Structures are given as C-alpha cells and as structure tokens.
Amino acid sequence: MKKIAVGFAGAGWMGKALLSRVVERDDAEVLALCERNPERASATLAEFGLPANRYEPDFRQMAERDDIDAVFVCTPNAFHGPQSIIALEAGKHLFCEKPCATSFEDFTRQIELERRNRSQITMVDYILHFDSMERRLAGMIAEGTFGKVTQIQVNYRHPVNIEGEKAWKLKADIMGDAIGMGINHAVSVLVSAMASQAKPVEVFASSMPAQVRPFEPDPIWSIQIRFDNGAVGFCFGNIDSANGYDAYHNVSGTKGAFIFDSLLDRPQKVRYWSEAETGGKWVYPLDRERCRREGLSEVAWPEDTSTPDSGDVIHHQTELCVDHFLTCIQKGEQSPLSFVRSAIVAEIGWAAQMSSSLRRPIELPLDYEYARSHFANEG
C-alpha cells in the first residue's frame, strides 16, 4: 500500500502529540513540517528522527507540493481558517484542529470547498468524539437506555494554559473566541449524544467578561440549545478559571438518567439508572466490585474505559483520531467530522455569539447571509 504523504503544520503542544501519532504509523510519512519557530522545527524533526531538510517555513509552498497527499493544520486558532482554505484549494485531504475557523467568512468558504470536491477527505478534530465514555453514552441514548431524553447538560470549565508562548490564547485576533478555544468540546459531545434522537433548532446564549485572567474575548459562556423534539441542552463554559476540570454531564430521560462528574474519584465518576437495564436502580459501572456485590456485574464497564477527566486532551484519544482520518483517506469515505458533516457544532458557536450580542435566540440551521452580515458589522 502506498504511504499517505503528509505535510504537517504546527509543532506546539498538541501539534507534537498528533505528529508523533503520524510518525509512528507504517501507512503514512511526514514529508514536510511547517513551523513558524525554526528552532522548534529543527528540534522536533530531530526528536522524531526526521531529516532536517523536511522543514518548510512557507505553508503555501508545502500545501501546494505535488508529492503531498494530506495536510494537518495544528497551528494557533487564527491560522486554521486561512491555512485550511489554502490546503483545500490545493486539492489536499485536510485534518484541521478545532476550531475550524475564527472568522465566519473562512468557515463558509471551508463548507463551499468541501462541497465542491467530494473526493477530498476533511476532518475537524473534535477529539472527544473518540473518547470511549462519550461513544458509549451516545450508543446508550440511541438504544433507548434512558427513553426519550428531555434534558442534557455538558460542561467545559477549564482554565486553559496561558503560560509563556501560550499567552496567544488571551488575544482575540489569534484565539478567536472562548467557544472555539475549548467550550466547543462540550458542544460537540452534546450534539453527538443527541444525534440519534433530535436535531438542534435554536440557540440562546449569554457571555461574561474575564474575572480572573486578562482574556480579551469573553471567556465565560452559558449556552442553551433547543432540539426539534422539545428537549433542551445546556452548556456551562469557562476557560478563565475553574476548581479543577469540570466536564460534568447530566442526561435526564423518560426511562433513565446518566451523570458523569470528572471531579470525583474514578469509581464514582459515572452513575446511571435505567428501567430496562438496572430496574430503576442507580449503578456505578466504573466500580466493578460494587457492581459484582450488588448482582449487577453485567452493567460494569471495561477497565480500560476512558473518561474525559482533564484538559490534557493529548490523553483523549489522539491515536484514534489520527487513525480515523487516515483510514477515511484510504477508504475514500468522508468523515462524520468533516467540515460539512460537523458544521452544526461550529454553527452553534456562531449562533451563541450572535445570541449573546443580540440578546435573543438564534434559529438553526444558521441563515448564512444574515450571519455574514452580522459578523461583518461586529468586526
């Protein structure tokens, strides 16, 4: 099998983690590394045993090389949109770190380019899609374990690292907005969990200025999402401060409920009840011994079940997300996380910003012309 030739942009914290996953594979080869810091690029190439001449300072030149099949964009947020557009226009398959863009114009251009060339594989790295607990929860909802879901809450409250060169996360022109910076992790999980039962139809949101650290964009968000079956989702988001990483989940349905609390010890992190599976009794599936004592061993989850316990997303299935993207290329099958297929996650972010500014609900799917006019005026 021909190796997938990769051009990789960004050798920061997350970039290096993803780069390591590409380098360790037998079916891909990194032919170029684009990095704005030459010293870091040199050190990274040496660390991964790649030739020094694979450093490429110019992103466009890398993306337009005939010998490159796929491009990874793992640079600071504001570069995601422009660089992904260059790569798509050059006909490359594209892996893009979230957020997919920090400008609405770039977002709509990404959608247009993917629709124009269906053979290009694209993926936005909403990495919690690959967390085993999140996949299990989505499956349980799809199977009706909790009946009809009427309310769902997923939080993302985590003081993102702004030390040293990561101080760019404070700046609106580079970071973009707090939803794209991290809160969209919770939004993507919420939408994915509900996908089998309902579609989002409205967003109502409010935001608050920084209270602890000097973020330029509002870092504190409360986002309500209404679904077409009457259910409501809610997300508390805060990248300014938090007492630990809060990825709290609460699902309430007509025949059961589910709670995940990242701040508890592992045996207590997950609990749920279901008329069908537990006879209405709350169970703790990560506590295998307790399940055994209570005669419920069949509901215990595998010991290697991952849960989104921290903001260190390197441990949130980087291997699986890279494998997914490269496998999609090999099979010629578009990813469910492509720009088009995951557009609703980004749309909720844009709608939340509009709602907070206009102080009213915003309907989904977005009216792109109206949104384009709004953000042009806001800018």
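Just so it is clear, none of the values below were taken in a lab; they were calculated from the coordinates. Because the structure is predicted, anything quoted here is derived from the model rather than measured. Reconstructed Cβ throughout: ideal geometry from the backbone, glycine too, with neighbour counts over all protein chains shown.
Just add up the charged neighbours of Phe48: K/R +1, D/E -1, any other residue whose Cβ is under 13 Å from the Cβ of Phe48. Spell out each step's value before the answer.
Numbers: positive: Lys16, Arg21, Arg25, Arg40, Arg54; negative: Glu24, Glu29, Glu35, Glu47.
Combined, the nearby Lys, Arg, Asp and Glu give +1.
From the C-alpha coordinates alone, can you work out the Kirkwood hydrodynamic radius of the stretch 129-314, in Å?
Numbers: mean 1/r = 0.0576 Å⁻¹.
Final number for the Kirkwood radius of the stretch 129-314 is 17.4 Å.
If R₀ is 41 angstrom, what is the calculated FRET efficiency for the pair Ser297 and Val201, using the beta carbon separation as r and rounding to 0.05?
The formula returns an efficiency of 0.50 here.
Just to verify a number: FRET efficiency for Thr150 and Lys331, C-beta to C-beta distance, R0 = 35 Å, to 0.05?
On the way: r = 37 Å, r/R0 = 1.07.
E(calc), rounded to 0.05, equals 0.40.
Each label point is 7 Å from the Cα along the Cα-to-Cβ direction; what then is the distance between the points at Lys3 and Glu39, in nm?
Result: 3.0 nm between the two label points.
Angle, helix 132-142 long axis vs. longest principal axis of the chain, Cα atoms, 0 to 90°, nearest 10?
That helix lies at roughly 60 degrees to the long axis.
Just from its helices, what would the mean residue ellipticity at 222 nm be for the chain, if runs of 4 or more DSSP H residues each count -39500 (n - 2.57) and the sum is divided by every residue, rounded to the nearest 500 deg cm²/dmol?
Value at 222 nm, helices only, nearest 500: -10000 deg cm²/dmol.
Hey, with R₀ at 41 Å, roughly what FRET efficiency would Arg360 and Glu112 work out to, going by the Cβ-Cβ distance, to 0.05?
0.90
Per-residue counts of other Cβ atoms within 10 Å, averaged by peptide: what ranking do you get for 176-185, 69-78, highest first? Let's see the in-between values first.
Details: 176-185: 25.8, 69-78: 23.7.
Top of the packing list down: 176-185, 69-78.
What do you get for the angle between helix 104-116 and the principal long axis of the chain? Use alpha-carbon atoms, 0 to 90 degrees, nearest ten.
For 104-116 against the chain, the angle is about 80 degrees.
Report the normalised scattering of the chain as log10 I(q)/I(0) at q = 0.12 Å⁻¹, calculated by the Debye formula with identical scatterers on the alpha carbons.
Listed by q, the Debye log ratios stand at -0.94.
Want the number for Ala52 to Ser132: 0.36 nm per residue separation, take away the alpha-carbon distance, what's left? Let's see the in-between values first.
Working: separation 80, 0.36 × 80 = 28.80 nm, distance 3.73 nm.
Full-extension gain reported as 25.1 nm.
Within the chain, how many Lys pairs sit with Cα atoms under 15 Å apart, leaving out pairs fewer than 8 places apart on the same chain?
8
For the chain, with a Gaussian network of springs between Cα atoms less than 10 Å apart, report the residue from Ala90, Ala46, Ala63 with the top mean-square fluctuation.
Greatest mean-square fluctuation among the candidates belongs to Ala46.
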